[in-house]
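Here's the structure we're looking at; comments come further down.
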Amino acid sequence: MHGIPSRPMLTDLDLYLRFDGYDELKPILAGTDEDVLVALRKPTLIRIPGTETHPTVRFVSCLLHGNEDSGYRAVIGMLRNGDHYPFDLWVLIGNVRAAHQEGWFAHRYLDGQEDFNRTWGLAAPTTRMRRCSDAVFEVLRELDLEAAVDIHNNTGLNPYYAITPDPTEDALRLAGAMADTILRWPMRAHTLMEVLSPICPAVSVECGLPALEENHAYAASALRRFLRLASFEEAGAGPRRVFEMQHRIVVRPEVRFAFGGVLTEDLDLVLHPGMDHYNFGMVLAGTELGLVPPGAAMPLLVTDMRGRETTDRFFELHDGSLIVTEDVTPVMLTTTVQQTRRDCFFYIARRRA
Ligand SMILES: [Zn+2]
């Protein structure tokens, strides 16, 4: 068995917590989902040994964003069942602190932390979170992984979908096993699935809004599918819609803005609420996204996946109206100022034939 003790004397300097098998996990899992977070306190890596003599290895992660509870609840539910699989299963529970400090599942990441899904594979691990990412990746890299899945929620209305950073045929099959909508997204954003993509099929599953029973159920069924999949050849044969991520839209950092309401002297931009209904659909050219005061300059900044500015292609201001100038498919369009600041307003994708 592995020589690393499953629960060493934990100090604040340990980057993450490690368990081998169910023995020491069981008493922790007896509590509520929230109790488990308090007991773990920090990122947690778990290995559930497989039943085969020479098991393959699969990996699942959740809670890289502390406010996204669906995948976490699915993973904890799965662990409570106490099952073993033909393969070794490795589990990462990500930003445990952000999930239980200052309210339950209240923060994607805490003030003073980085986004835990932007700290993977960076050259110089200058921060604690980057060192943690490096340490976990060192372990994963040695495992001969067969497949990896990372479970997330969105902050706006979106269909359930799967993201492949590297759309190999195996990755598309794995994605297609868990969602009928697939987003090809060459992020270069230092996400966990990006660093695993050269090693094995690696897919993020997006389970709609957090804190909703039906979305927890979807996360649980996607996880169950991942664990029961005998091979990737049997996966993802059904119809699927494939989109490719192309542009990213942010509100310029100096612009003060709100969703809904009227323009006041404290606001430089009011965005219309409810636009998230268009996610993975179509916003037609000429649609008004929001309002700016007379004389204000373009408050949005658009860049393509290589970082080149493309704002003029998609937006214009006309008599204080912020207008879309080309038909676009928005994805992950959010409805909160905080999420707009912490990630972006939305992305533009294109349906692939
Ligand atoms: Zn997320």
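The values are calculated or read from the model by the stated rules, or taken from the named source; none is laboratory data. Model, not experiment: these values are computed from the prediction. Note that each Cβ is placed from the backbone with ideal geometry, even for glycine, and that neighbours are counted across all protein chains shown. Side chains included, ligands, DNA and RNA excluded: accessible areas come from the protein's heavy atoms. Shrake-Rupley method; radii C 1.70, N 1.55, O 1.52, S 1.80 Å.
Within the range 127-154, the set of residues being within 16 Å of the ligand (Cβ to nearest atom) and within 15 Å of Cys200 (Cα to Cα) comprises Ala148, Val149, Asp150.
Yes/no matrix, rows are residues, columns are (1) away from the ligand (no atom under 15 Å from the Cβ); (2) within 17 Å of the chain's Cα centre (by Cα):
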site: Ile182; (1), (2): yes, yes
site: Trp185; (1), (2): no, yes
site: Glu206; (1), (2): no, yes
site: Glu213; (1), (2): yes, no
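Condition first: within 18 Å of Val75 (Cα to Cα) and either at pLDDT below 95 or out of contact with any strand residue (DSSP E or B) (no Cβ under 9 Å at 6 or more places or on another chain) (or both). Now tell me which residues in the range 96-107 satisfy that. Scanning the range 96-107 gives Arg97, Ala98, His100, Trp104, Phe105. Restricting the first member to the range 62-73 and to residues that are without any contact (Cβ under 8 Å) to a residue 40 or more places away in the chain, and the second to residues that are assigned to a loop (DSSP other than H, G, I, E, B) and of a type in the set (Gly, Ala, Ser), the beta-carbon pairs closer than 7 Å and six or more apart or on different chains are Leu63/Gly94.
Under the condition of being within 16 Å of the ligand (Cβ to nearest atom) and open to solvent by 10 Å² or more (accessible area, probe 1.4 Å), the residues counted in the range 160-178 number 3. Candidates in the range 25-55 are the residues that are within 28 Å of Thr336 (Cα to Cα) and in a loop (DSSP other than H, G, I, E, B); of these, the one that is most open to solvent (accessible area, probe 1.4 Å) is Arg41. Considering the range 56-154, the qualifying helices (runs of 4 or more DSSP H), each wholly inside and each with 3 or more residues that are open to solvent by 30 Å² or more (accessible area, probe 1.4 Å), run over 69-81, 128-141.
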